[in-house]
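The values are calculated or read from the model by the stated rules, or taken from the named source; none is laboratory data. Model, not experiment: these values are computed from the prediction. Here the Cβ positions follow ideal geometry from the backbone for every residue, glycine too, while neighbour counts run over all protein chains shown.
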Amino acid sequence: MSALPVLPSERTLADSPESDQALASLLESLLAIAVATAISGLMLLVAGHDPLNAFAEFVDRTLLRSAGLQEVLVHTTPLLLAGVAVLIAARAGLWNIGIDGQVLVGALSAAVVGAWLVGANRPVLWVGAVAAALIGGAVWATVPALLRSRWEINEIVTTIMFNYVAISLTAWLVKGPLRDQTLVASQTPLIPPALRFASLGDTRVHIGFPIAVATWLVAAWWLHRSVAGFELRAVGGNPRAARHAMIPVIVVLGAALIASGGLAGLAGGNDVLSTKGAFQAEWYPGYGLSAFALVFLARRHVLALLPAALFLGTLAYGADVMPRAAGIHSAFFSLFEGVLLIVLAAFRWRPWRRLGGGG
Amino acid sequence: MNVEAISTALIAAAILTSMPLMLAAVGEAIGERAGLLNLGIEGSMLCAAFGSFWIALETGSVTVGLLGGAVVGLGIGLVFGILATVFHANQVVLGLGITLGGTGGTAFLFREGYGSTQPLLALGIGRPFEGWLDWFPVIGPAIGDQRWFVFVAWIMVLAGHFFLWRTRAGLQLRAAGESPFGLESVGGNVTAVRIGAAAIGGVFYGFGGAALSVIELGFFSPGITAGAGFLAVALAMLGRLSPLRVGLFTLAFGLLTGFDTGLQIAGVNARPELLRMLPFAGVVIGLAILGRGVRLPPALGQPYGGIASRR
Amino acid sequence: MVDACARQSRLDEDVFMKAHLFRPGRRSSWFHALVLLFLAAPTGPVLAEETAVDRVAIVTPASRTNQGWDQQGVDNLVEVGEALDIEIEVVEDAGYDDITPILNDLASDGTDLIVCHASGYQSVCPEFAQAMGIAVVVVENPAAVTDGLVADIETQAQEAAYLAGVVAGLETRSGTVAVVVSGEPPTWNFMTVGFAEGLHSVNPDATLVYQVIGEAAYDDAPNAKRVTESVIAAGADIVFGMGDGASFGMIQAINEHNLDRETEDQVWFIDVIGDKSGSDAGQYLLTSVLFDYRGAYTELIQQLKDGGFGEVHTMSLENEGVLLLDFASFADPGTLGTVEEVRAQIVNGEIAVSAIGDADGVRARLEELFPR
């Protein structure tokens, strides 16, 4: 028992399960998925669909076909990056709800720099555009980061506001100064397919996926094996204690949110450099909420992010194909993710853990 | 071009469009005062909007529709309150889940129920004080010619303010957020108070969502709240969780939103996208100026473990 | 014909007008399709070149519910499919994310032609066509046209919008007309300029109020309603609204304003793309700039079968790709005649309507026509 009384109310989103409870966490996540599936299936039934058939179609199209699996990986890539972004902030005790805005700014930055580098060779273009995406997203998180770290102004609100500003700002830029004048509809100049992220073999999966996985591994290592990562987790776990330990809390908080923004920007850059090729004003992928679902499905444990991202990537692709396959509107998948989040949130009350004497 | 008429119209529009947002923001503020951070308002408002629209279509009555929406909001508020207190659910996750679920669910139900049609409600919502304030230039008719529910909404906000600051129940509610242990030690039941706060908040944003669809617009379409739920959280904080202040800030926000329309009508050739950033940038600037050192209830967002949990 | 009408009740007038179908040449484009079918049928098996076209798909970014851009494309293609006995697959709400998985999915089901019904798909669809060898149709991207692979549809809606402007100029009682748009995509921009020019030609002293609701506010009904209320307060009594889903906000603002008001004080609406006249939303619909894709769709499906696919198909007043919907009964009968004359003048080239698709160009032209 520690000397300081640790009230349950002080354990916030920064805490993670102890390693010996990793198995329990996994089972909880699976149970949450099962419960959410059951509830959503019920809603399908009420709406007049056949849930069993829908489930079978879903599994068939996403996981049992080669094309499906490829698309799942393609969809997983930006989600994994966004998930890492949310987690980095979360472990510092911050809620980065501004992912969507940071994605937009990062994507636009990558599109502009990528189009500018079209004359160069591919690796140069990739490096330049990826750097632009990271910087763009980071810049976009800077003001909320400053306001939060220095003046304790709640980052939830500021990052949400910056989402809206991002929508307007990127729209204005892409319809005005950054527009491709040769095309009638507004978008940045196209990065030709030959210069985008290379495909892995003959598949639809591109190098964005290994980049995302590498980022995730680096983040995991950094979080748990580096001094800075330790400081970040300390700040998230108990800011007062961290201050006593001479950790520069203000710097850590600011840096965490900025880094989080950069990673979100990278997710946006990934899309531009792989599937889109340019930035369009109407594009709004909305990774933010899914990223939160991802992180909480992973029970805030960094190593569980990849399987969680794969699951949500499957859902995302499912939303693309199920309208055709089973006549189920793609909004249903948002509904499912929402129910899943609610179930996961409710699982905070873990009677089985209390009985086991832990927690 | 009649400048006076246009100004009146812009102000009237600001009052009307800020009304659902105001109700949502005040509902959130009441919940936050008790220590509940609810990011699910967007989804809840959509559910209330859809519910009230559907009921109004079926029954032909705007009032029944409004009440239906409030009931939906109440229900969701209770779910949130109970899960957040009894089940110690993580409030932010819960809220985001409600938002995602509500957004997806209403879109799904709307498509299932109405297919490719877009039903519209017949309008004709009464304006009880029409013409009464015409003697006061510009602002008079803007206020006086409003629909009856706008006045109800403002009365609700005043009632909320009175409740929080002048009643014993309100004091308990604020204590639940300021110092839950303190409340418990004098015999209060934090869980019950918080659930009550969530319920009251639910009624507020339930009415907000219902008013948006039934009073302001006359129809429902997926995503019709357009982020109002998140704006409500921002405005609640900007107004320091005080219903009256929140109401006023929301009104200012509504005026800023209409600003770009006014400029466009006046022929100012500014890009609308840049003008559209104004209200949101305004909130951030407002927070930066006014929000420094603001004390949010210390127990905001934290589940309450009961006095026994103090080791 | 119109004199006999005047003695009847308003309802009869309405029915009469619709029955006589003031849709210049509507039957003829239909007729064209059938003629093509007749001609194609016997020669089909004889031509060695012919490709079988059994499945055509259409991908739209939003839902049919908006009774606008998405609905019109879908409805028109479905009609053509029924006439030509082709299976039509509809994928709506595809959004602006990467639609390649959807396209791949369609390809794997043996689709012969995919209609990419959004200017936002202008890049992804030609790329898909090149990669997979499946024919696609794009809109507003003539540069992407490729023999046998990519066809393009150009909606020269500015000509029909010109006619709408003439109608507005003749029917306005207050002298102020508003154009309210939910964004500035090329499709809307072409129409804004055409409308302004038409208005200017019959009513150069009118005041034109141009309002952009937001950047991509196609479904932003709340703001559409607010903006429309503002332009009504600015004195506009005719609103030319381009909004897709947002149009319902505009219409509700007008419906509300018109409650308990006499005809002289009413505000009327000119819609685009679809036909809302039969619904709740059509109460004060003066007319609409209709898009009729059937001719273009029929033509390019035929070209896919017989060879020659990969052209730019222009929908114009002349080929009835764009046209004006029947006027409402409350419109001035004299306007019909004037519009017919103007239409003829456009078709034979006497009147040239500017084709301006970018937002800055629109504002410049509006400033020229109606300086503030």
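Figure legend. Inter-residue proximity from segment B:13-38: first residues within 11 Å of chain C (Cβ to nearest Cβ), second residues of a type in the set (V, I, T), beta-carbon distance below 6 Å, spacing 6+ or different chains. Indicated pairs: B:S18/B:T250; B:L21/B:T250. Kindly establish whether B:F50 is in contact (Cβ under 8 Å) with a residue 40 or more places away in the chain, part of a helix (DSSP H, G or I) and either away from every other protein chain (no Cβ under 11 Å) or over 17 Å from the mean Cα position of the chain (by Cα) (or both). Spelling it out, B:F50 is indeed in contact (Cβ under 8 Å) with a residue 40 or more places away in the chain, part of a helix (DSSP H, G or I) and either away from every other protein chain (no Cβ under 11 Å) or over 17 Å from the mean Cα position of the chain (by Cα) (or both). Could you check, for segment C:162-174, whether at least one of its residues is of a type outside the set (F, W, Y) and at the interface with chain B (Cβ under 9 Å from one of its Cβ atoms)? Within segment C:162-174, none of the residues are of a type outside the set (F, W, Y) and at the interface with chain B (Cβ under 9 Å from one of its Cβ atoms). Considering only residues that are within 21 Å of the chain's Cα centre (by Cα) and not in a loop (DSSP other than H, G, I, E, B), look in segment C:342-360 and name the one that is farthest from the other protein chains (Cβ to nearest Cβ). Result: C:A344.
Within segment B:271-304, if we keep just the residues that are at pLDDT below 70 and more than 9 Å from every other protein chain (Cβ to nearest Cβ), the residue that is nearest to C:R365 (Cα to Cα) turns out to be B:R295.
The residues in segment B:216-249 that are under 24 Å from B:W165 (Cα atoms), within 14 Å of chain A (Cβ to nearest Cβ) and either in contact with a Ser or Thr (Cβ under 9 Å, 6 or more places away or on another chain) or buried (at least 19 other Cβ atoms within 10 Å of the Cβ) (or both) can be counted, and the count is 11. Summed over segment C:130-144, residues that are more than 29 Å from C:F269 (Cβ to Cβ), surrounded by fewer than 24 Cβ atoms within 10 Å (Cβ to Cβ) and within 13 Å of chain A (Cβ to nearest Cβ) total 7. Within segment A:96-113, the residues that satisfy the criterion of being of a type outside the set (G, A, S) and surrounded by 24 or more Cβ atoms within 10 Å (Cβ to Cβ) are A:N96, A:I97, A:I99, A:D100, A:Q102, A:V103, A:L104, A:V105, A:L108. The residues listed here are C:D237, C:D292, C:D244, C:D275; of these, the one that is touching a residue at least 40 places away in the same chain (Cβ under 8 Å), more than 8 Å from chain B (Cβ to nearest Cβ) and closer than 19 Å to B:S7 by Cα is C:D237. Residues in segment C:145-161 that are more than 20 Å from C:V56 (Cα to Cα) and either within 14 Å of chain A (Cβ to nearest Cβ) or in contact with a His (Cβ under 8 Å, 6 or more places away or on another chain) (or both): C:T155, C:Q156, C:A157, C:Q158. Would you point out the residue of segment C:295-339, among those that are surrounded by fewer than 18 Cβ atoms within 10 Å (Cβ to Cβ) and β-branched (V, I, T), that is nearest to C:Q158 (Cα to Cα)? In this case the residue turns out to be C:T314.
Considered as a group, the residues in segment C:90-129 that are touching a residue at least 40 places away in the same chain (Cβ under 8 Å), at the interface with chain A (Cβ under 7 Å from one of its Cβ atoms) and within 20 Å of the chain's Cα centre (by Cα) include one that is nearest to C:G68 (Cα to Cα), and that residue is C:S119. Of the residues that sit in segment A:133-147 and are surrounded by fewer than 24 Cβ atoms within 10 Å (Cβ to Cβ) and more than 16 Å from the chain's Cα centre (by Cα), which one is farthest from the other protein chains (Cβ to nearest Cβ)? This residue is A:I135. Among the residues of segment B:131-147, the ones that are assigned to a loop (DSSP other than H, G, I, E, B), away from every other protein chain (no Cβ under 11 Å) and either farther than 16 Å from B:N2 by Cα or of a type in the set (D, E, K, R) (or both) come to 8 in all.
In this entry, B:R174 is excluded by the filter for residues that are out of contact with any Phe, Trp or Tyr (no Cβ under 6 Å at 6 or more places or on another chain), surrounded by 23 or more Cβ atoms within 10 Å (Cβ to Cβ), in contact (Cβ under 8 Å) with a residue 12 or more places away in the chain and of a type in the set (D, E, K, R).
Let's see how each residue does on (1) in contact with a helix residue (DSSP H, G or I) (Cβ under 7 Å, 6 or more places away or on another chain); (2) modelled with pLDDT of 95 or more; (3) surrounded by fewer than 22 Cβ atoms within 10 Å (Cβ to Cβ); (4) in a helix (DSSP H, G or I):
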{"position": "A:N53", "(1), (2), (3), (4)": "yes, no, yes, yes"}
{"position": "A:A56", "(1), (2), (3), (4)": "no, no, yes, yes"}
{"position": "A:D60", "(1), (2), (3), (4)": "no, no, yes, yes"}
{"position": "A:A67", "(1), (2), (3), (4)": "yes, no, yes, yes"}
{"position": "A:E71", "(1), (2), (3), (4)": "yes, no, no, yes"}
{"position": "A:H75", "(1), (2), (3), (4)": "yes, no, no, yes"}
{"position": "A:P78", "(1), (2), (3), (4)": "yes, yes, no, yes"}
{"position": "A:V84", "(1), (2), (3), (4)": "yes, yes, no, yes"}
{"position": "A:A90", "(1), (2), (3), (4)": "yes, no, no, yes"}
